[in-house]
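Chemist: There's a structure below that I have some questions on.
The values are calculated or read from the model by the stated rules, or taken from the named source; none is laboratory data. For clarity, every value in this text was computed on a predicted model and none was experimentally measured. FYI the Cβ positions are ideal-geometry reconstructions off the backbone, even for glycines, and counts take in every protein chain you see. These area figures cover heavy atoms from the full protein model, side chains too; ligands, DNA and RNA do not enter into them. Shrake-Rupley method; radii C 1.70, N 1.55, O 1.52, S 1.80 Å.
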Amino acid sequence: STIPKDSLKTSLQQLECHFTWDLQKEKVGLEALEETIHDHIKFFVEHEIIDYNMLSYVCHLKNSNEEALNNLRKAEEAIQKHPGEIARRSLVTWGNYAWIYYHMQRYEEAQTYVSKVENSCKKLSSTAHGKIQFPELYAEKGWAFLRFGRTYFESAKNCFENALKSDPDNPDYYTGYAIAMYRLEGLAGWYGEELRPCLEALKRAVELNPKDTATAALLALELQRLRRGHEGERYIEEGLQKTPDYPVFLRHAANFYRKKGDTKKAVAILKKALSLTPNTVVLHHQLGLCYKVMISHLKKTKYRPTPQEEIENLIQLAIFHFKTAIDKKPVFFTAYKDLANTYALCKRYEEAEEIFQEVLQRNDLPCDDKQQIFFSYADFQLYQMKSESKAIEYYIEGLKIEKDTYGRKNCSKTVETLLKDKIKSGLGDAADIGRLGLVHNLNGKKQEAIECYEEAIALDPNNEEYLNALAELKLSI
């Protein structure tokens, strides 16, 4: 019997699994994600069902469906360790099986797994359609969202909240919830939005799960952000005693010391973590940042000059680690900026220019990253290339992107100061006054914009651009 493909597709879309959660591969580096999951499996046995399910989806995205099936078999083996909960814990795995077989055009097998899910759901709950939500399922969805990056953090938080409704003291769900809150707070800081405090959530997660040093390290970082670093450091020191070989913890610990200004200690911890998981992108990026800080520092100390070869060596290391991060995760856009800035720092301007151009021409560059990179590039033009006019042009490019972020605020503040100083000192011409008008307009300060345009027109009466801008502004008020 042949199975009608359309009705099969409809049933597949009803399933709850990685294939129906809208996880887009453009948002992550697949290579890097695969590494992360492998490392996680090595250090986190209790998560292996979730990890193997996730891995099967990543393998499918990389077009290796056989490998995907292989990981689902491993998930099934892990599920066997929970007799009595097999059906319930298998729903995502079976859903993934169904989708992978469907993509392999093995429709009979796909249908078998769809039926398995539907029958289990009927047994497990009284609702029809098998659209069923267990806390485990919400949590698994939440972990998947956390793995796929910042566009999914809000959804991750909602999933863990839903899981906690039916199991409020579950340490795993609470940890997921706290991590999502911590990540969202980081983003809010970046976008200059209202911060959503995550301190209480992290404290509660650490209480419920005292063995989890990685979450304790996030609590330490949060305390540090609130200028209570001395309280936080105790969690880091405890973690170094309890789990000296756990890379995720080590990464956060290194971050803590880097922010504290103890770069040497951060480097030592990162090297240790890299020896355990040599392909982790974030570790390479963090090491690059540490070396970059060291270079700036050494270039500034005048009273005890450092041997040039020592600085050269640090430069090579920083460049190597940033390049590694980009190779392994081509969507790691801040790493491009850090690499370009490192080249600029050691006066390798052509290479810096090349990296800036390469990343700015990417059509998958998100708005907020683009603003940040425009800001860095404008700074590069201003301070290294000594080109004020180019700098002004790129600060304004960053400002034209409407998304309200930290990067945009920086562009706005810097370009406004530059233009006002130039005009005040008598060096500004009609073009500069016109640009200041544009800046005010982009920032929604219409009255100030009108004044600037009127002033620019007084100096350059036939300028179409200013006349049109002024007419539009007057109409909009």
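Chemist: For the range 202-221, give me the residue count where each residue is assigned to a helix (DSSP H, G or I) and out of contact with any Asp or Glu (no Cβ under 8 Å at 6 or more places or on another chain).
Modeler: First, the residues of the range 202-221 that are assigned to a helix (DSSP H, G or I): 202-208, 213-221.
Subset that is out of contact with any Asp or Glu (no Cβ under 8 Å at 6 or more places or on another chain): 203-204, 207, 214-215, 217-219, 221.
Matching residues across the range 202-221 total 9.
Chemist: Please verify whether Gln357 is part of a helix (DSSP H, G or I), farther than 24 Å from Ser476 by Cβ and in contact with a Ser or Thr (Cβ under 8 Å, 6 or more places away or on another chain), treating the condition exactly as stated. Quick ask: steps written out before the conclusion?
Modeler: Numbers: part of a helix (DSSP H, G or I): yes; farther than 24 Å from Ser476 by Cβ: yes; in contact with a Ser or Thr (Cβ under 8 Å, 6 or more places away or on another chain): no.
Here the answer is no, as Gln357 does not meet what is asked.
Chemist: Among the numbered criteria (1) open to solvent by 80 Å² or more (accessible area, probe 1.4 Å); (2) free of Cβ contacts under 8 Å to residues at least 24 places away in the same chain; (3) outside any helix (DSSP H, G or I), which single criterion is violated by Lys420?
Modeler: All conditions are met except number (3).
Chemist: Continuing with the same structure: Any idea which residue in the range 277-290 is farthest from the chain's Cα centre (by Cα), counting only those that are of a type outside the set (Val, Ile, Thr) and assigned to a helix (DSSP H, G or I)? Working first, answer last.
Modeler: Looking only at the range 277-290, we keep the residues that are of a type outside the set (Val, Ile, Thr), and these are 278-279, 283-290.
Keeping just the survivors that are assigned to a helix (DSSP H, G or I) gives 283-290.
Values: Leu283: 14, His284: 15, His285: 13, Gln286: 14, Leu287: 17, Gly288: 17, Leu289: 16, Cys290: 19 Å.
Ranking the qualifying residues of the range 277-290, first place goes to Cys290.
Chemist: In the list Ala266, Ala352, which residue meets the criterion of being small (Gly, Ala, Ser) and under 28 Å from Glu35 (Cα atoms)?
Modeler: On the way: Ala352 fails: under 28 Å from Glu35 (Cα atoms).
None of the others qualify; the one that does is Ala266.
Chemist: Among the residues of the range 287-335, which ones are β-branched (Val, Ile, Thr) and either within 29 Å of Phe148 (Cβ to Cβ) or open to solvent by less than 40 Å² (accessible area, probe 1.4 Å) (or both)? Break it down stepwise before answering.
Modeler: So the first thing to find is which residues in the range 287-335 are β-branched (Val, Ile, Thr), and the list is 293, 295, 301, 306, 311, 315, 319, 324, 326, 331, 334.
Of everything in the range 287-335, those that are β-branched (Val, Ile, Thr) and either within 29 Å of Phe148 (Cβ to Cβ) or open to solvent by less than 40 Å² (accessible area, probe 1.4 Å) (or both) turn out to be Ile295, Thr301, Thr306, Ile311, Ile315, Ile319, Thr324, Ile326, Val331, Thr334.
Chemist: Could I ask something else about it? Could you say whether any residue in the range 262-276 is part of a loop (DSSP other than H, G, I, E, B), open to solvent by 30 Å² or more (accessible area, probe 1.4 Å) and over 26 Å from Lys370 (Cβ atoms)?
Modeler: Restricting attention to the range 262-276, the residues satisfying the condition of being part of a loop (DSSP other than H, G, I, E, B) are 262.
Cutting the leftovers down to open to solvent by 30 Å² or more (accessible area, probe 1.4 Å) gives us 262.
Going one step further and asking which of them are over 26 Å from Lys370 (Cβ atoms), we end up with 262.
The answer is yes, given that some residue of the range 262-276 is part of a loop (DSSP other than H, G, I, E, B), open to solvent by 30 Å² or more (accessible area, probe 1.4 Å) and over 26 Å from Lys370 (Cβ atoms).
Chemist: Answer with yes or no whether Ser387 is open to solvent by less than 20 Å² (accessible area, probe 1.4 Å) and of a type in the set (Ser, Thr, Tyr). Talk me through it step by step, then tell me what you get.
Modeler: Numbers: open to solvent by less than 20 Å² (accessible area, probe 1.4 Å): no; of a type in the set (Ser, Thr, Tyr): yes.
No; evaluated as a whole, the condition is false for this residue.
Chemist: State yes or no: is Leu438 touching a residue at least 40 places away in the same chain (Cβ under 8 Å) and more than 30 Å from Glu351 (Cα to Cα)?
Modeler: Values: touching a residue at least 40 places away in the same chain (Cβ under 8 Å): yes; more than 30 Å from Glu351 (Cα to Cα): yes.
Yes, satisfied.
Chemist: Quick one: which of Ala144, Ala188, Ala163, Ala139 is within 16 Å of the chain's Cα centre (by Cα), at pLDDT 90 or above and not in a loop (DSSP other than H, G, I, E, B)? Break it down into steps so the answer makes sense when it comes.
Modeler: Working: Ala188 fails: at pLDDT 90 or above; Ala163 fails: within 16 Å of the chain's Cα centre (by Cα); Ala139 fails: within 16 Å of the chain's Cα centre (by Cα).
Ala144 is the lone residue from the list that is within 16 Å of the chain's Cα centre (by Cα), at pLDDT 90 or above and not in a loop (DSSP other than H, G, I, E, B).
Chemist: Okay, next question. Would you please list the contacts, defined by Cβ atoms under 8 Å and residues six or more apart or on different chains, that run from a residue in the range 371-394 that is farther than 14 Å from Leu419 by Cα and hydroxyl-bearing (Ser, Thr, Tyr) to a residue that is modelled with pLDDT of 95 or more and open to solvent by 10 Å² or more (accessible area, probe 1.4 Å)?
Modeler: Taking only residues 6 or more apart or on different chains, the pairs are Ser376/Lys337; Ser376/Asn341; Tyr377/Leu360; Tyr377/Tyr394.
Chemist: Then there's this: Of all residues being under 14 Å from Asn443 (Cβ atoms) and of a type in the set (A, V, I, L, M) in the range 407-431, which is nearest to the chain's Cα centre (by Cα)? Just the residue, please. Break it down into steps so the answer makes sense when it comes.
Modeler: Narrowing the range 407-431 to residues under 14 Å from Asn443 (Cβ atoms): 408-417, 419-420.
Filter again for of a type in the set (A, V, I, L, M), leaving 415, 419.
On the way: Val415: 27, Leu419: 33 Å.
Per the stated criteria, the residue is Val415.
Chemist: Pick from the range 449-465 the residues that are open to solvent by less than 80 Å² (accessible area, probe 1.4 Å) and within 42 Å of the chain's Cα centre (by Cα): which of them is farthest from Leu382 (Cα to Cα)?
Modeler: Of everything passing the filter in the range 449-465, Ile450 is farthest from Leu382 (Cα to Cα).
Chemist: Please report, ordered by residue number, the helices (runs of 4 or more DSSP H) entirely within the range 1-117 with at least 1 residues that are open to solvent by 40 Å² or more (accessible area, probe 1.4 Å) and farther than 18 Å from Phe134 by Cβ.
Modeler: Values: elements: 5-14, 30-43, 48-61, 65-79, 86-103.
Those helices (runs of 4 or more DSSP H) span 5-14, 30-43, 65-79, 86-103.
Chemist: Asp379 fails exactly one of the following numbered conditions: (1) open to solvent by less than 50 Å² (accessible area, probe 1.4 Å); (2) within 18 Å of the chain's Cα centre (by Cα); (3) of a type in the set (Asp, Glu). What is the number of that condition?
Modeler: Exception for Asp379: condition (2).
Chemist: Right, something else. Would you mention how many residues in the range 166-184 are outside any helix (DSSP H, G or I) and either surrounded by 17 or more Cβ atoms within 10 Å (Cβ to Cβ) or under 16 Å from the mean Cα position of the chain (by Cα) (or both)? Let's see the steps before the verdict.
Modeler: Of the range 166-184, the ones outside any helix (DSSP H, G or I) are 167-170.
Then keep just the ones that are either surrounded by 17 or more Cβ atoms within 10 Å (Cβ to Cβ) or under 16 Å from the mean Cα position of the chain (by Cα) (or both); that gives 170.
Counting residues in the range 166-184 that are outside any helix (DSSP H, G or I) and either surrounded by 17 or more Cβ atoms within 10 Å (Cβ to Cβ) or under 16 Å from the mean Cα position of the chain (by Cα) (or both) gives 1.
Chemist: Taking the criterion of being at pLDDT 95 or above, loosely packed, with under 15 Cβ neighbours inside 10 Å and part of a helix (DSSP H, G or I), would at least one residue in the range 390-400 satisfy it?
Modeler: Our first condition is that a residue be at pLDDT 95 or above; within the range 390-400, this holds for 390-400.
If we keep only those that are loosely packed, with under 15 Cβ neighbours inside 10 Å as well, we get 400.
After this cut, where a residue has to be part of a helix (DSSP H, G or I) as well, the list is 400.
The answer is yes; a qualifying residue exists.
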